[in-house]
Amino acid sequence: MPRWGMIIDLDRCTACQACTVACKEENNQPVAGRERSQRGRDIFWMHVLLTVDGEYPRVRARFLPRPCQHCDAPPCVQVCPVGATTKRVDGPVAQNDERCIGCRYCMVACPYGVRAFNWKAPAFETTQYLNPDVPVRPVGVVEKCTFCIHRIEKAVERAKAEGRALRDGEVQTACMQTCTGGAIVFGDLDDPNSRVSRLTRDRRAFHLLEELATHPRVTYLAEG
């Protein structure tokens, strides 16, 4: 069974926000609007964070895309009282919307701030553009990145029907597919020949908040 993971090369990220938009459209995330966004009630599963180094006039902007880290030791799983957040055998941290009671313990426990609470029943101007592979979450549940699990399952089923193993690069998350700079790589960490596995051994590789021992599945490559 594959062990899914992601690489984000910060040298290649241009902060174009294509990954953010692609993630939102792929996963039927509702638009909060200006008023609710100002109150911190926007819904994004992928953020591109901005930090500024140095002082004027020697200032440098740095960007860091931040999806769910899909930790191997996820704090969110430990605190959920109803088992709505679970760790899948193949790696992704899953969110069961039908079990979620909206207590938001997982949001407090997550050190990466990658979860969003659906404060309002989702409303879309038209439903013809909604992704039929992804359910629309009801009001009062927590949402998060899923590593585009619907794409993973489709690829696994297709490979099984054709009687073959998954090929490296066959599964692409929405953010990877749309990244204009090719900064995002997704694949099987247990395959030593996969691109994502090779990049985890790069000298620039690091994880966010490594000192917390959450063991994220998202590996970053530092700027050279």
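I need the full set of residues from region 101-115 which are of a type in the set (A, V, I, L, M, F, W, C) and over 19 Å from the mean Cα position of the chain (by Cα), in order please.
Ile101, Cys103
Any residue in region 125-139 that's without any contact (Cβ under 8 Å) to a residue 40 or more places away in the chain: show its pairings with residues that are assigned to a loop (DSSP other than H, G, I, E, B) and not acidic (Asp, Glu) at Cβ separation under 7 Å, as long as the two are six or more apart or on different chains.
Matching pairs, first to second residue: Val139/Asn118; Val139/Lys120; Val139/Ala121.
Among what's in region 83-114 and is surrounded by fewer than 13 Cβ atoms within 10 Å (Cβ to Cβ) and small (Gly, Ala, Ser), pick the residue that is nearest to Ile7 (Cα to Cα).
Gly113
Out of everything in region 32-53 that is over 12 Å from the mean Cα position of the chain (by Cα) and either surrounded by 19 or more Cβ atoms within 10 Å (Cβ to Cβ) or in contact (Cβ under 8 Å) with a residue 24 or more places away in the chain (or both), what residue ends up being farthest from Gly181 (Cα to Cα)?
Once the filter is applied, the top-ranked residue is Arg36.
Could you list all residues from region 1-37 that are of a type in the set (Ser, Thr, Tyr) and over 27 Å from Arg60 (Cα atoms)?
Hit for region 1-37 is Ser37, nothing else.
Output the residues belonging to region 75-93 that are closer than 13 Å to Val142 by Cβ and either at pLDDT below 95 or in a loop (DSSP other than H, G, I, E, B) (or both).
Cys80, Pro81, Val82, Ala84, listed by residue number.
If you check Cys80 against the conditions, is it over 30 Å from Arg167 (Cα atoms), crowded, with 19+ Cβ neighbours inside 10 Å and touching a Phe, Trp or Tyr at 6+ places or on another chain (Cβ under 8 Å)?
yes
Please count how many residues of region 33-55 are assigned to a loop (DSSP other than H, G, I, E, B) and farther than 22 Å from Asp133 by Cα.
So the count comes out to 5.
How many residues does region 56-71 hold that are part of a loop (DSSP other than H, G, I, E, B) and closer than 19 Å to Glu143 by Cα?
5
Looking at (1) within 22 Å of Arg36 (Cβ to Cβ); (2) in contact with a Cys (Cβ under 7 Å, 6 or more places away or on another chain), can you tell me which one Cys80 breaks?
(1)
The values are calculated or read from the model by the stated rules, or taken from the named source; none is laboratory data. Small disclaimer: the values here were computed from a predicted structure and weren't measured. Positions of Cβ are backbone-derived with ideal geometry, glycine not excepted, and every protein chain shown enters the neighbour counts.
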